[in-house]
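Trainee: Have a look at this one before I ask anything.
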Amino acid sequence: MFCLNRVKVLHIEDDAAFSGIVKKSLERFGKVKFQLDHADTLIQAETMIKENKYDVVLLDIDLLDSEGLNTLINVLALLGKTAVIVISSSIDDEDLIVKYIQLGAQDVYIKTGIRFNDLPVRVLVGLTRYLMANSGDSLTELRHRITTKLQNQWKPMTNNLAMSLENING
């Protein structure tokens, strides 16, 4: 189950430079620890998916061993219940973007348009959207669970801040 302070991500991407930028972007985000695994090919991803449980997959749909809609279809078939976010340089057709979402992608991003500072938040939004759609809970119940977890997560930090302020003010 997804945890608000740790998210396990599989990045399926054959461009090593782009994969490195994504990794740095996720590592810099301080609110959530992203545990990132990387696969260069669909075959390598298949092995990793069989051996691990991922919260979200970042998927380049044009790999050395798979292309386009077939890549997404194959990954979705392997994953079961996992959020998939498509990130690709080759999608320029709005009808195709809609098709990816209809097939099950939580979002579709064009590589040239990605703001890497925003990427961690976009991953969390896609994952949250997926969880809300697949949880069976009402939106009110889900909002309450998330709010409670956030309050518990931030309570120690706010208590420490209050104590520090008291020490400063004497």
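The values are calculated or read from the model by the stated rules, or taken from the named source; none is laboratory data. Only a predicted model underlies this, so the values are computations on that prediction, with no experimental measurement involved. When we count neighbours, we look across all protein chains shown, and the Cβ atoms used for this are built from the backbone with ideal geometry, even at glycine. Please note that ligands, DNA and RNA were not included when accessible areas were found on the heavy atoms of the full protein model with its side chains. Shrake-Rupley method; radii C 1.70, N 1.55, O 1.52, S 1.80 Å.
Trainee: Measuring with a 1.4 Å probe in the full set of protein chains, what accessible area per residue, in whole Å², belongs to region 9-53? Walk me through the intermediate numbers first.
Mentor: On the way: 2510 Å² over 45 residues.
Heavy-atom accessible area per residue stands at 56 Å².
Trainee: Work out, step by step, the length gained on full extension between residue 92 and residue 17: first 0.36 nm times the residue separation, then minus their alpha carbon distance; give nm to one decimal. The partial results should precede the final answer.
Mentor: Details: separation 75, 0.36 × 75 = 27.00 nm, distance 2.17 nm.
Stretched fully, the residue 92-residue 17 segment lengthens by 24.8 nm.
Trainee: Follow-up question, since we're still on this one. Can you list residues whose amide H is under 5 Å from residue 87's amide H, if they're 5+ apart or on another chain and H is modeled 1.01 Å from N?
Mentor: Here the answer is 59, 60, 61, 109, since their amide H atoms fall under 5 Å of that of residue 87.
Trainee: So, one more: Keeping every protein chain in place, order 34, 29 by accessible area at 1.4 Å, biggest value first, i.e. largest first. Can you show the working numbers first?
Mentor: Working: 34 15, 29 50 Å².
So the residues, ranked largest to smallest area, are 29, 34.
Trainee: Go through region 7-19 residue by residue and turn each phi into a ³J(HN,Hα) via Karplus (6.51, -1.76, 1.60, θ = phi - 60°); whole Hz please, and just put x for glycine and proline.
Mentor: 10, 8, 10, 10, 9, 9, 7, 9, 9, 4, 5, 5, 4
Trainee: At 7 Å along Cα-to-Cβ for each site, give me the label-to-label distance between residue 133 and residue 121 in nm.
Mentor: Rounded to a tenth, the inter-label distance reads 2.2 nm.
Trainee: Continuing with this model, one more query. To the nearest 0.05, what FRET efficiency results for residue 41 and residue 81 with a Förster distance of 25 Å applied to their C-beta separation?
Mentor: Details: r = 23 Å, r/R0 = 0.93.
It comes to 0.60.
Trainee: Right, something else. Amide H neighbours of residue 8 under 5 Å, at least 5 residues apart or on other chains, H built in the peptide plane: list them.
Mentor: Here the answer is 35, 55, 56, since their amide H atoms fall under 5 Å of that of residue 8.
Trainee: Among 103, 63, what's the order by accessible area (1.4 angstrom probe), most exposed first?
Mentor: I get 103, 63, largest accessible area first.
Trainee: Rounded to whole Hz and in sequence order, give me ³J(HN,Hα) for region 42-52 from the Karplus expression 6.51 cos²θ - 1.76 cosθ + 1.60, θ = phi - 60°, writing x for Gly and Pro.
Mentor: 5, 4, 5, 4, 4, 4, 5, 5, 5, 9, 9
Trainee: Heavy-atom accessible area of residue 108 with all protein chains present, probe 1.4 Å, nearest 10 Å²?
Mentor: Only protein atoms counted, so the area is about 20 Å².
Trainee: I'd like the carbon and sulfur percentage of the solvent accessible area for region 36-108, probe radius 1.4 Å, heavy atoms only, ligands and nucleic acids excluded. Kindly include the intermediate steps, with their values, before the conclusion.
Mentor: Numbers: 1730 of 3600 Å².
Solvent-exposed carbon and sulfur of region 36-108 make up 48 percent of the total.
Trainee: Something else: Tell me the volume per residue, in Å³, of the convex hull enclosing the alpha carbons of region 1-86. Walk me through the intermediate numbers first.
Mentor: Working: hull volume 6.8 nm³, N = 86.
Taking only Cα atoms, region 1-86 has a hull volume of 79 Å³ per residue.
Trainee: Could you give the length gained by full extension between residue 52 and residue 29, i.e. 0.36 nm per residue of separation minus their alpha carbon distance, to one decimal place?
Mentor: Values: separation 23, 0.36 × 23 = 8.28 nm, distance 2.29 nm.
Between residue 52 and residue 29, full extension yields an extra 6.0 nm.
Trainee: In addition: Read phi for every residue in region 97-112 and hand back ³J(HN,Hα) as whole Hz from Karplus 6.51 cos²θ - 1.76 cosθ + 1.60, θ = phi - 60°, with x for Gly and Pro.
Mentor: Going residue by residue, I get 4, 4, 4, 4, 5, 5, 6, x, 5, 6, 6, 9, 10, 8, 3, 5 Hz, with x marking Gly and Pro.
Trainee: At a threshold of 8 angstrom on Cα-Cα distance, excluding pairs fewer than six apart, so keeping six or more, what relative contact order does region 20-94 reach in percent?
Mentor: Working: 62 pairs, mean separation 21.3, N = 75.
The normalised contact order for region 20-94 reaches 28 percent.
Trainee: Tell me the relative contact order for region 2-45 as a rounded percent, counting alpha carbon contacts under 8 Å between residues six or more apart.
Mentor: Numbers: 52 pairs, mean separation 23.6, N = 44.
Contact order relative to length: 54 percent.
Trainee: Using only the Cα atoms of region 1-41, what do you get for the radius of gyration and for Dmax, in Å?
Mentor: Over region 1-41's Cα set, Rg and Dmax evaluate to 10.8, 31 Å.
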